[in-house]
Ligand code: PRX
């Protein structure tokens, strides 16, 4: 399908391609690697067929935390920044703040200045008076034979205190130190997080699916002296030996100049060690051994300045080096408590299940900190969504009486594909469901609504990212109707703006997409990129800053890194990342990270990662590789390439296919034309290749890839106009 003119896909989406408009000049700063370069791929004219509104039930509205439209007035722009007092007042403050927002050193905003609080006290201690024996977490191990385990607030209090005592006494940690966790979905992870928070120690959790090497890089960047890990865990019916990754992580950190002094090893089943990796004497310690010395010890929660960092969360961007998004104690905790209350409609008596991994920001904000700040019961599930069968999530929901369910489109797609009729077989009732992490297709949304939610649950489609701490856009579920595929209007107190390439504002209802920014600071926004303040300014603020000398926040819009379109009703629809990030099953993978991993294979001369549209995972990665002169393709090299990604990043990033090609299609200036190979990988028209330095290589690559894909049983899939647009304009090297 060509992009000339307008086309209508099956979903009623009409897109006019960028070829219809002259390419605009880039605004200042756009040549920087970090600011994402060309915007044109997001600047397409988009005309969505407007989906019908759906309304929440009277029963839902009757019990909702935000049921009065006046709440929008309370968070109106005239009331900024004081409106966020309402969120902060959900917390216990040891000292109240004197300045709600300090803008004197932009864009390093300071929230609730002068205030002091402790996140662990807020999430645990203060609930003891009324909820000591209510479950804070219910942990569901993957093997069904093990049964669920409830951890009450009282028990959590004890465990957090004991582990905090151990971190302090045994490891000598104190406020401001950093600790890296490489932990899966077991209760020891939130216990560790809250123990750090109790001491004012900054935690940095690395997703367990990441490799030891990836973990080591993050240890080095954060300067952690202690690593917390586990012997292993269950995933998809398999026991995964995890401890070996710690050895690798420590070695990598050391090679980057950072020495881990202690590795604290939880045992999934205390007293039993199930890992082939030996314990290193004088470095590795079993938590369940050492904690014996700290039993029954209490550690006073340290009243931390509101601006003290609570944690780091590493995420991918344009460059190869992941950035540590630094989140604050007071602003962050206020923001996740407030948004959990109003958008997820969490009440203390709810049983809330967020089916994300704590290794990502969603888990930090909306499994641990937000729900616990509100004193609710949060379910932790160890394993894979469809293990041992796609009825599993619904059995869990029925068994535990879950009434709020939160997951990502990739999980919804998978459960729909594997067990479309399963939800109806189970007796559970959700009042609210959340979707997050990727755009959700309207037809997937409808299955979620009708089958999973049994047409009873209100849905919130929450749009945000690692850097923003909490939601940026979502409907307030009792106050705004749902529109499938749209995340809804801006969240309370958030004022987005969409700019085009020239910095002109793209109006709501114009049918045009652009680069979405947030005009104002909010309490959940990251404070900086750990150790790289210039990168922070450059990545998020430089592009649209009106006046670098200004201390008025109005001059400093925050660039989110997504393309978006706003409909006339104010609802946003998110088109995806504008930087070199591929969103695989809701996981952000930087193409530069993938490519640099592959370039460590000695046989490889060039590498390029491209996205392939996938029915379940949203996008998957295919890797194109050109070898050093004189070498020819072999299955061994292909394996080495895959293995390099697994080792450097993790299995989560493993490419679907590796194509070893004789030469990459390139521009005359030698840049790889990613849009051409991305088109081939998606069976799409490669478009105009006349400007290439070597147009003749394209047909050969196309034949090779099509042939091998056909042999592997991969059939062409019809792409929507939006998908086609994404693929055919992929990459900046044009
Ligand atoms: O492209 C957006 C997409 O996920 C990106 C952020 O990824 P990450 O930092 O890993 O955080 C994921 C969890 C918040 C965004 O830049 N994204 C997130 N939520 C949505 C979304 N795309 C569409 N709709 C959403 N609701």
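Worth pointing out:
- Any hit, region 412-425, residues being within 13 Å of the ligand (Cβ to nearest atom) and over 18 Å from residue 347 (Cβ atoms): yes
- Of the helices (runs of 4 or more DSSP H) entirely within region 627-734, those holding at least 3 residues that are out of contact with any helix residue (DSSP H, G or I) (no Cβ under 9 Å at 6 or more places or on another chain) occupy 635-648, 696-711, 721-728.
- Taking residues in region 431-448 that are under 11 Å from residue 407 (Cα atoms) and in contact (Cβ under 8 Å) with a residue 60 or more places away in the chain, and partners anywhere that are near the ligand (Cβ under 7 Å from one of its atoms) and in a loop (DSSP other than H, G, I, E, B), the pairs with Cβ atoms closer than 8 Å and at least 6 places apart or on different chains are 436/464; 436/586; 437/586; 438/586.
- Test: residue 446 is assigned to a helix (DSSP H, G or I) and over 27 Å from residue 573 (Cβ atoms): no
Okay, residues lined up against (1) buried (at least 19 other Cβ atoms within 10 Å of the Cβ); (2) touching a helix residue (DSSP H, G or I) at 6+ places or on another chain (Cβ under 6 Å); (3) not in a strand (DSSP E or B):
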| position | (1), (2), (3) |
| --- | --- |
| 228 | yes, yes, no |
| 245 | yes, yes, yes |
| 248 | no, yes, yes |
| 253 | yes, yes, yes |
| 260 | yes, yes, yes |
| 275 | yes, yes, yes |
| 280 | no, no, yes |
| 292 | no, no, yes |
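- Matching residues in region 505-541 - criterion: being in a loop (DSSP other than H, G, I, E, B), on the phi < 0 side of the Ramachandran plot and within 23 Å of the chain's Cα centre (by Cα): 519, 520, 521, 522, 523, 524, 525, 526, 527, 530, 532, 541
- Verdict on residue 213 being within 30 Å of residue 593 (Cα to Cα), part of a helix (DSSP H, G or I) and either touching a residue at least 12 places away in the same chain (Cβ under 8 Å) or within 28 Å of the chain's Cα centre (by Cα) (or both): yes
- Some residue of region 546-554 being at pLDDT 95 or above, within 12 Å of the ligand (Cβ to nearest atom) and over 25 Å from residue 685 (Cβ atoms): no
- Within the set 369, 342, the sole residue that is more than 13 Å from the ligand (Cβ to nearest atom), closer than 21 Å to residue 64 by Cα, at pLDDT 95 or above and within 17 Å of the chain's Cα centre (by Cα) turns out to be 369.
- Top-ranked residue in region 455-473 [being over 22 Å from residue 324 (Cβ atoms) and part of a loop (DSSP other than H, G, I, E, B); ranked as nearest to the ligand (Cβ to nearest atom)]: 457
The values are calculated or read from the model by the stated rules, or taken from the named source; none is laboratory data. Just so you know, these numbers come straight off a predicted model, no measurement behind them. Cβ atoms come from the backbone with ideal geometry, glycine included; neighbour counts cover every protein chain shown.
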